[in-house]
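One structure is given here, and the rest of the page talks about it.
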Ligand SMILES: [Cu+2]
């Protein structure tokens, strides 16, 4: 019984082609599964009602009229309409109650939840893994790693305008509002890479404000967290060494932090381990040396209006800085 709506949903997902990693009808986390159950229930009831109305309509169009039966029919109509009104009230009340219970079920992270803070910025996601011990706190951008099978309590904040955090395969949707902290329960039952997207129009580059949630087994997650906590690796190759020098001397360091170097800016994403992330600029490009170079050479053509200016660099500086960025695994 509990599973049936999901099988039904999966069928629709396959027919409609919505089986991807960003699909509310292909849920892979408990909160998203609760929502899919609610959605399939409501769709099923509405489909039945629609079919019933269509049958009645066809019957009304095709039936033969005769004066003799008109009065009896009038009485029959009163009963039918009253029954329909009653059924509508019951159905709407039922949906309201179901919706209430779903909201309750998706809202409360368990005791052992992992807490992370996600701060929306025009147009990227700052992700903070805070720990009571400051030495264990670290941050990253646009890529959220979570352990499979564990509740994740996401605290949502915004520095500028209203954004909305939505990873359809894993959880519901929640706004990030300046000046307040909202909560969301995120949970993945299976390992995978789930795509999310800002779901509230937040300005010019709203469509280029994506994120990846990478759900992995607890050991891999722990390995990742340990690596992220560490300071940046010192570059080994000569071009990357020169790139580090240029990065620190240029305005880059005023906006970006690379832990373990004098670069401590906070306007842009923390770049300590930028080379380990799958994408740059909130899902815009895959992280490769070429895409890093393209981004640094001219961020305004790739993502017009974003808050990183074009910093004039010689071609050698650009080559070296890109090598340095790529080396920050
Ligand atoms: Cu946004």
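Throughout, read-outs are computed from the coordinates displayed, never taken from laboratory work. In this text the structure is predicted, and so the values were computed from the model without any measurement. No Cβ is skipped: glycine too gets one built from the backbone with ideal geometry, and neighbour counts run over all protein chains shown.
See the values below:
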read-out: Relative contact order (percent, whole number), the chain, Cα cutoff 8 Å, 6+ residue spacing; value: 15
read-out: Inter-label distance for residue 131 and residue 72, nm, one decimal - labels placed 7 Å from Cα along Cα-to-Cβ; value: 8.2
read-out: For the chain, diffusion coefficient by Stokes-Einstein and Kirkwood Rh (Cα), 37 °C, 0.692 mPa s, µm²/s; value: 143
read-out: Residue among 313, 48, 302 with the largest mean-square fluctuation in a Gaussian network model of the chain, springs linking Cα atoms under 10 Å; value: 48
read-out: Rg followed by Dmax, in Å, when the stretch 52-95 is reduced to its Cα trace; value: 13.3, 42
read-out: Cα gyration tensor category, rounded, prolate or oblate, for the stretch 222-329 with a/c compared to 1.5; value: rounded
read-out: Exposure proxy order (Cβ contacts within 10 Å, fewest to most) of 200, 219; value: 219, 200
read-out: Nearest 10 degrees, 0 to 90: helix 218-229 Cα axis against the chain principal axis; value: 40
read-out: Computed over the stretch 111-157: relative contact order in percent, which uses C-alpha pairs under 8 Å that are six or more apart; value: 47
read-out: Three-way shape label, the stretch 30-105, alpha-carbon gyration tensor, a/c 1.5; value: oblate
read-out: DSSP bridge orientation in the chain - percent antiparallel, rounded to nearest 5; value: 70
read-out: Using alpha carbons only: equivalent-ellipsoid semi-axes of the stretch 114-229, gyration tensor based, whole Å; value: 22, 16, 12
read-out: Ratio of Rg to Rh over the stretch 79-180 (Cα coordinates, Kirkwood Rh, two decimals); value: 1.19
